[in-house]
Amino acid sequence: MELKQAMQERRSIRGFKKDPVPRALLEEVIALANRAPSSMNTQPWHLHVLTGEPLEKVREGNSTRMLQGVPPVREISDHGAYAGVHRDRQVGIAKQLFAAMGIERDDKERRQDWVMRGFRQFDAPVSIVVCFDKSLDDNGTIAHFDLGAVTYGLVLAAWSKGLGCVINGQGIMQSPVVREHAQIPDDQVIMTCVAMGWPDEDFSANAVVSTRRPVEEVTRFVGFDD
């Protein structure tokens, strides 16, 4: 698959087949993502790849705590409530997904189940927990920027190999659970996770393609001749 095709066709996958993903294939994906750029070549990322029993324990722990009303515990600052155009885009993708799944506005049970899917890592066979060195936590958000690069590398490389992903902040909202079962060292900060596996083509939401603003809306060209 050419890079252009992968970048244009990649989309978030929220429904997965139960088939396992071979470790060798995951290593290929990670080797590609590991070429991501980073500030001063610091390469601050650590990737914890979960499957099987450890991942099931994370799913169970996340779900139980959220259903019990335990407040989210994240190791990075939350984005808070979106407003304005950002809220509009958030609502827009939700409407696309609910329409694809046939979830009505007043269907509280199915809406709740949709939310819980995120805490269950979307029932994917693999979850990659993305962390960075805690020693860089006092240096501002540069390490966060670097982890964005490697995380995009992960989802793009996975797509090129026929795998689907969704970057899943819900999956680490109960970070103590993730830290315990993924055995993450204390000198690392949990940033996010990536649910990964073979896309289930029968899962309607997988066909949803989010909209993008046109180039002229997001870009200014300065100093160019018209």
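Any read-out appearing in this document is the output of simple, stated calculations on the displayed coordinates, not a laboratory observation. Since we're looking at a predicted model, the values are computed, not measured. Note that we place each Cβ from the backbone using ideal geometry, even for glycine, and neighbour counts take in every protein chain shown.
Trypsin sites (Lys or Arg not before Pro), restricted to segment 132-226: which are DSSP loop and have at most 15 other Cβ atoms within 10 Å?
Working: sites: 134, 161, 179, 212, 220; in loops: 161, 212, 220.
Loop-located and lightly packed - 161, 212, 220.
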In the chain, lysine pairs with alpha-carbon atoms under 30 angstrom apart (chain gap of 8 or more, or interchain) = 17
Amide H contacts under 5 Å for residue 197, placed H, 5+ residues apart | 164
P(r) tail fraction, segment 56-123 - alpha-carbon pairs more than 15 Å apart, % | 65 percent
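Before anything else, pin down the relative contact order of the chain: Cα pairs under 8 Å, at least 6 apart, normalised by residue count, whole percent.
Working: 318 pairs, mean separation 88.8, N = 226.
Reported as a whole number, the value is 39 percent.
To make sure I understand, if each residue's beta carbon is the centre and we count other beta carbons within 10 Å, what order do 77, 39, 175 fall in, fewest to most? Kindly include the intermediate steps, with their values, before the conclusion.
Values: 77 8, 39 14, 175 21.
Ranking 77, 39, 175 by Cβ neighbours within 10 Å, fewest first, gives 77, 39, 175.
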Tell me, what HN-Hα J-couplings in whole Hz come from the Karplus equation 6.51 cos²θ - 1.76 cosθ + 1.60 at θ = phi - 60° for each residue of segment 170-181, using x for Gly and Pro?
-> 4, x, 10, 5, 10, 4, x, 5, 4, 4, 5, 7
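Among 3, 26, which comes first, then next, by fewest other beta-carbon atoms within 10 Å? Please list the in-between numbers first.
Details: 3 9, 26 20.
Result, fewest neighbours first: 3, 26.
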Interchain or sequence-distant (5+) residues whose placed amide H lies within less than 5 Å of the amide H of residue 13 are 165, 166
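Around residue 139, what is the net charge, scoring Lys/Arg as +1 and Asp/Glu as -1 over all other residues with Cβ under 13 Å from its Cβ? Don't jump to the answer; show the numbers that get you there.
Numbers: positive: 134; negative: 133, 137, 138, 146.
Spelling it out: positives minus negatives among the neighbours equals -3.
As an exercise, identify the GluC sites (Glu not before Pro) in segment 1-78 lying in DSSP coil whose Cβ has no more than 10 other Cβ atoms within 10 Å. The partial results should precede the final answer.
Numbers: sites: 2, 9, 27, 28, 56, 60, 75; in loops: 2, 75.
Of the GluC sites (Glu not before Pro), the ones in loops of segment 1-78 whose Cβ has at most 10 other Cβ atoms within 10 Å are 2.
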Work out, in µm²/s and without decimals, the Stokes-Einstein translational diffusion coefficient of segment 1-61 at 4 °C, 1.567 mPa s, Rh from Kirkwood over C-alpha pairs.
-> 88 µm²/s
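Quick check of the Kirkwood formula: for the chain, what is the inverse mean of 1/r over all pairs of different Cα atoms, in Å? Could the numbers behind the result be given before it?
Details: mean 1/r = 0.0532 Å⁻¹.
Kirkwood radius, the chain: 18.8 Å.
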Could you grab the relative contact order for segment 38-156? Cα pairs under 8 Å, six or more apart, rounded to a whole percent.
-> 55 percent
Highest-fluctuation residue, 87, 14, 23 considered, GNM on the chain with Cα pairs under 10 Å | 87
Stick to the Cα atoms of segment 124-195, pair each with every other, and give me the Kirkwood hydrodynamic radius in Å at one decimal.
-> 12.9 Å
